[in-house]
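Only one structure is covered here, and it is reproduced in the block below.
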Amino acid sequence: MSTTAARPAQSGLEPLIRHTIAGASVAELARTYGTPLYVYDAEMIRRRCRDLAAWDTVRFAQKACSNLAVLALMRGEGVVVDAVSTGEIHRALAAGYSAHATPGTGADGLPPVHPIVYTADIFDRESLDAVATLGIHVNCGSADMIEQLAERVPGASVTVRVNPGFGHGHSQKTNTGGEGSKHGIWHEEIPDVLRRAEWAGLAVTGLHMHIGSGTDLAHLAEVAGALERVAVEIGRSLTTISAGGGLPVPYKPGEVHADLSGYFTLWDAARRRLEDRFGHRLRLEIEPGRYLTAESGFVITEVRAVKKQGARKYLLVDAGFNTLARPVLYGSYHPMSLCPQDGTPSAETDEVAVGGPLCESGDIFTQTDGGFVATRALPAARVGDLVVIEIAGAYGFVMASNYNSKPLPAEVLIDGGTARLVRRRQTPEDLVRGETV
Ligand code: LLP
């Protein structure tokens, strides 16, 4: 499948300077809200939602970035949500989503959209209680879930998440298909699962596949055929099919955006063939996380030390893997730029390793898979300069932790050039709340 539009700026070795994010001054943001700081560009999120307008439903995998202000913004764009926990259900409700759809069929012949879908491979006791009490639609990743739901909500309709026997991700840790993955109902188990659903009195109205995160369109395209085959096995009870998430975004210089229209055409054709076979319309959903928020997010962090270890130069900043875990977890590459505190960049470029404050050698942003420390060409930096870590809006804040008893950073949303605090930085009191001596 072909690719289009290149990521702007960044030719790789060119020193990168950034003074603004979405029209707001980086230095001013750091002064007002402190560092490390997560900043999101609202307009970029809207743009990414609109890129997917061809799909009947865009369901945001909120695990990528679940701040209430981001969810409310998504809601304004007509995007619905996926929830993997009681906490995410709670967030969706707090952002204004309804628990369930109004029954009936729209003028377009499509079934109603479930505003929130609980997608997981298990129910813990709390989540089973929540979906049963609130009437939330469930996407079951194991047959046990079907029976557990049937006991609590007799006659419910469900979606099944099927593992097609293959998967792909940017890392083996984000590959959600094949025998090496715990996710979904194994494709060969479908006849048995359908019998169990019928016995339990549940109707299977939805079919979903998600083969991994940070994959590519060549792998994703294989899912349409696999889903079509399973849909035929399930039959006419289906009213909704979901392509899952996994849409890639360009992180590294030279990477480009994927051809989304070709991808939609492929899925639309599969949907139409199934509609002809079933004699009724099918809702076609897509469930991206990364695609909708990655490029909107930035971490602003301050350089606190510049030092040499033998021949290698290190910039030590006040963000660590407690702030952004993707490099330590997957060796992920994030573009970086520098905002000099006096506004004038040095003419020199340095090859530097960028690390954080944590008491652990893995606390390095410039590392490759396997934990090998790499370097990055950045304009020469001094203590007090700001480093901006880019494309950090997906799986950034949501995977931040309190390791080393560091407070979670603040989050700010910029819209129309105006910054708004959407989550305050944690305080030392927050860190010990709930504990007793
Ligand atoms: N749907 C389901 C059921 C998922 O489990 C996920 C992601 C998505 C959709 C969205 O996938 P996306 O469009 O974002 O690729 N922490 C990792 C990514 C983990 C993905 C988990 N599931 C990272 O930082 O790359």
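The values are calculated or read from the model by the stated rules, or taken from the named source; none is laboratory data. Treat the numbers as computed from the prediction; the structure is a model and nothing was measured. Please note: Cβ atoms are built from the backbone with ideal geometry, for glycine as well, and neighbour counts cover all protein chains shown. Remember, those area values only see protein heavy atoms, side chains included, never the ligands or the DNA or RNA. Shrake-Rupley method; radii C 1.70, N 1.55, O 1.52, S 1.80 Å.
Summary of computed values
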{"read-out": "Some residue of the stretch 120-127 being in a helix (DSSP H, G or I), free of Cβ contacts under 8 Å to residues at least 40 places away in the same chain and open to solvent by 30 Å² or more (accessible area, probe 1.4 Å)", "value": "yes"}
{"read-out": "Number of positions in the stretch 261-287 that are in a helix (DSSP H, G or I), touching a Leu at 6+ places or on another chain (Cβ under 7 Å) and either at pLDDT below 95 or within 16 Å of the ligand (Cβ to nearest atom) (or both)", "value": "2"}
{"read-out": "Looking only at the stretch 252-290, and only at residues there that are over 14 Å from the mean Cα position of the chain (by Cα) and under 25 Å from Thr368 (Cα atoms), the one that is most open to solvent (accessible area, probe 1.4 Å)", "value": "Lys252"}
{"read-out": "Some residue of the stretch 278-292 being of a type in the set (Lys, Arg), more than 26 Å from Gly167 (Cβ to Cβ) and either out of contact with any Gly (no Cβ under 8 Å at 6 or more places or on another chain) or touching a residue at least 12 places away in the same chain (Cβ under 8 Å) (or both)", "value": "yes"}
{"read-out": "Complete set of residues in the stretch 78-99 that are closer than 19 Å to Ala64 by Cβ, away from the ligand (no atom under 16 Å from the Cβ) and of a type in the set (A, V, I, L, M)", "value": "Leu93, Ala94, Ala95"}
{"read-out": "Residue in the stretch 197-214 that is in a helix (DSSP H, G or I) and in contact with a His (Cβ under 6 Å, 6 or more places away or on another chain) present", "value": "no"}
{"read-out": "Qualifying positions in the stretch 100-114 - away from the ligand (no atom under 16 Å from the Cβ) and surrounded by 21 or more Cβ atoms within 10 Å (Cβ to Cβ)", "value": "Pro111"}
{"read-out": "Answer from Leu238, Leu220 - the residue that is crowded, with 16+ Cβ neighbours inside 10 Å, aliphatic (A, V, I, L, M) and part of a helix (DSSP H, G or I)", "value": "Leu220"}
{"read-out": "Residues being away from the ligand (no atom under 16 Å from the Cβ) and farther than 20 Å from Gly201 by Cα - total across the stretch 116-154", "value": "4"}
{"read-out": "Test: residue in the stretch 191-206 that is open to solvent by less than 50 Å² (accessible area, probe 1.4 Å), within 12 Å of the ligand (Cβ to nearest atom), in contact (Cβ under 8 Å) with a residue 40 or more places away in the chain and within 21 Å of Tyr263 (Cβ to Cβ)", "value": "no"}
{"read-out": "Residues within the stretch 61-99 that are within 14 Å of the chain's Cα centre (by Cα), over 17 Å from His137 (Cβ atoms) and open to solvent by 20 Å² or more (accessible area, probe 1.4 Å), tallied", "value": "1"}
{"read-out": "The lone exception for Leu220 - which of (1) more than 14 Å from the ligand (Cβ to nearest atom); (2) over 23 Å from Ser296 (Cα atoms) it fails", "value": "(1)"}
{"read-out": "Selected residue (criterion: least open to solvent (accessible area, probe 1.4 Å)) from residues of the stretch 168-184 that are more than 9 Å from the ligand (Cβ to nearest atom) and in contact with a helix residue (DSSP H, G or I) (Cβ under 8 Å, 6 or more places away or on another chain)", "value": "His168"}
{"read-out": "Pair list, Cβ under 7 Å, 6 or more apart: the stretch 51-68 residue farther than 17 Å from Gly262 by Cα and more than 13 Å from the ligand (Cβ to nearest atom), other residue assigned to a loop (DSSP other than H, G, I, E, B) and small (Gly, Ala, Ser)", "value": "Leu68/Ala95"}
{"read-out": "Subset of the stretch 308-358 [hydroxyl-bearing (Ser, Thr, Tyr) and in contact (Cβ under 8 Å) with a residue 40 or more places away in the chain]", "value": "Tyr314, Thr323, Tyr330, Ser332, Tyr333, Ser337, Thr349"}
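So that you can scan it fast, the table gives a plain yes or no per residue for (1) crowded, with 23+ Cβ neighbours inside 10 Å; (2) under 21 Å from the mean Cα position of the chain (by Cα); (3) assigned to a strand (DSSP E or B):
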site: Ala377; (1), (2), (3): no, no, yes
site: Ala381; (1), (2), (3): yes, no, no
site: Ala392; (1), (2), (3): yes, yes, no
site: Tyr395; (1), (2), (3): yes, yes, no
site: Ser401; (1), (2), (3): no, yes, no
site: Leu413; (1), (2), (3): yes, yes, yes
site: Ala419; (1), (2), (3): no, no, yes
site: Arg425; (1), (2), (3): no, no, no
site: Glu429; (1), (2), (3): no, no, no
